[in-house]
Amino acid sequence: MRKVASGLFTSIDNAVESPEKFQFAWDEEMAATLTRTLETSDAVLLGRSTYEMWADYWPNYSGEDDSAFGDWINNSPKYVVSKTLDNVDRWQNSHLIRGDLVAEITKLKDSEGGDIAVAGSPGLV
């Protein structure tokens, strides 16, 4: 059975939005954690807000600093949980999850593949 795993950047007072306001450095431990996620996960679960922000950014990313993550996130199947979106066609390989969240996630966990990473999406977590 596949695992669902989330790693959020959080401030000491539990803020998760706008990590650029409290996360000022990238170190080897953080890089190793992200590398493990990229190596063990082959799908990503996103909430609506994170999907909408990232769908405008990652498909067009052309920098070198985050190219490994950019390649991974663009090529991985993305499962977007939303009650309000009608489609997730803006970003390749995205699939909309509506309805019974527990049943849909259980189906994903029971399917073949690596782990499922939850990217951002503190409301979903």
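For this structure, a couple of remarks:
- Charge tally in the Cβ shell below 14 Å around Asn87, where Lys, Arg are +1 and Asp, Glu are -1, Asn87 excluded: +2
- Surrounding net charge for Arg2, when Lys and Arg each add one and Asp and Glu each subtract one, Cβ distance under 10 Å: -2
- Taken along the Cα-to-beta-carbon direction at a fixed 7 Å, the label points for Val4 and Arg98 span 1.9 nm.
- Close amide H contacts of Val80 (hydrogens built in the peptide plane, cut-off under 5 Å, sequence separation of 5 or more or a different chain): Leu46, His95, Leu96, Ile97.
- The listed peptides 116-125, 92-101, 47-56, ordered by packing as a protection proxy, come out as 116-125, 47-56, 92-101 (highest mean of other Cβ atoms within 10 Å first).
The numbers here are math on the coordinates, done by the rules we state, and not lab data. All of these numbers come straight from a predicted model, not from anything done at the bench. Please note: Cβ atoms are built from the backbone with ideal geometry, for glycine as well, and neighbour counts cover all protein chains shown.
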